[in-house]
Amino acid sequence: MLKDCKIGERFEGALLVNEWKEVPFRQKPGAYLSLTCQDRSGMIQGKMWNYDPQILNWLNDQDIFRIKGVVSEYRGALDLTIETIRMIPKEDVDLSALLPSSPVSAEELENRLNVIMKKITQPELKGLLDQLLTHPEWGTAYRQAPAAMKIHQAYLRGLWEHSVRVAELADGVADHYPAINRDLVLAGALLHDMGKTLEYSYDRGIKFTTEGRLLGHIILGIELLIEEMAKIPNFPHELRAKLLHIITSHHGKYEWQSPKRPKLVEALVIHYADAMDAELFQFEQAKETHPDDEWSPYIPSMERCIYLK
């Protein structure tokens, strides 16, 4: 497992290659291969300085290989100097060993989801959630999809875990602000990232779908909710607009690809709860990954190092 790797040790095992590219050398002709590899325990950046061009054909067709190399360190993170790559017959591939999943069990997440659902009493919102979360396609995808490609909960059941945590945060905020519509804020929290069920494919690593690249999860989520709300007779027009606004504005800022900024108190709460869970997750991961260190390496997504003691 990648999580057990130590600097200077040799590594040999099956890894899923999420991304790869040829990178030109700066001061000499030629290029090297840069690969992002993973198993269920984590990810590692790999570099292959010398390679047969045939490997490029393999990488275009397959994404799981037996890889040999030596573990090193680069900019404070583990790095893998890859010596050989070998194709693995499909019948020998164990995807359960390669795809990470939430450390929170499905049973616990279902229980926490049910606690939230029981607090929602507005009939149309309750009906919409029941309709989506028991749907054979959307309900299953909601409980399997990742929450992101890299930054937070980038593993199976990640969307489910993230959505439940955002709803729990929003529920706590609602305890302190009576003007908040608890039904709306909880429903919005559970559904704010529903479009990620269509944005990502995750059968062999986490990748963008074509729709995900072209439209993104906000637009995909809006389309899905419009379609599902239309199936509920007399769904209130104002409630429909408020729920769609929550989905539309949950990134909070135009520069974060949010079509609208929050204009409802419930939308504001979900925006901050969403951002809080994503950032707290990164703190958790940094502490877990560097248990004996005082400081984390520089984290690009947060634009800083994190104090871990």
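Bear in mind these aren't lab numbers, they're just calculated from the coordinates by the rules spelled out. Note that the structure is predicted; figures quoted are calculated from it, not measured. When we count neighbours, we look across all protein chains shown, and the Cβ atoms used for this are built from the backbone with ideal geometry, even at glycine.
Counting only lysines at least 8 places from Lys119 when in the same chain, those with an alpha carbon closer than 21 Å to its own are Lys242. Please report the relative contact order for the chain, taking Cα pairs under 8 Å with a sequence separation of at least 6, and give it as a percent rounded to a whole number. Once normalised by length, the contact order is 12 percent.
Computed on the Cα atoms alone, the convex hull of the chain gives a volume of 159 cubic angstrom per residue.
Tell me whether the stretch 2-96 comes out rounded, prolate or oblate; compute the Cα gyration tensor, take square roots of the eigenvalues as a ≥ b ≥ c, and use a/c under 1.5 as the rounded threshold. Could the numbers behind the result be given before it?
Working: a/c = 1.95, a/b = 1.12, b/c = 1.74.
The shape class here is oblate.
Exceeding 22 Å between C-alpha atoms, which entries from my cross-link table qualify? They are Lys207/Lys231; Lys126/Lys231; Lys90/Lys196. Violating the 22 Å Cα-Cα cut-off are Lys207/Lys231; Lys90/Lys196. Within the same chain, lysines fewer than 8 places from Lys28 are excluded, and of the rest, those with a Cα less than 26 Å from its Cα are Lys47, Lys68.
Note that the stretch 82-89 has calculated 3J(HN,Hα) couplings of 8, 9, 9, 10, 10, 5, 10, x Hz, one per residue in order, obtained from phi through the Karplus relation 6.51 cos²θ - 1.76 cosθ + 1.60 (θ = phi - 60°); glycine and proline are x.
Amide H contacts for Leu156 (H built 1.01 Å from N in the peptide plane; partners 5 or more residues away or on another chain; cut-off under 5 Å): Ser101, Ser102. In the chain, excluding the sites themselves, the longest stretch lacking any of the GluC sites (Glu not before Pro) that are in a DSSP loop with at most 13 other Cβ atoms within 10 Å is 138-293. Need the list of lysines near Lys253 for cross-linking: C-alpha distance under 17 angstrom, and skip anything on the same chain fewer than eight residues off. List returned: Lys263. Looking at the stretch 198-303, none of the chymotrypsin sites (Phe, Trp or Tyr not before Pro) sits in a DSSP loop with at most 11 other Cβ atoms within 10 Å of its own Cβ. Each listed q (0.11, 0.16 Å⁻¹) maps to a log10 I(q)/I(0) for the stretch 106-288 from the Debye sum over equal C-alpha point scatterers, namely -0.43, -0.96.
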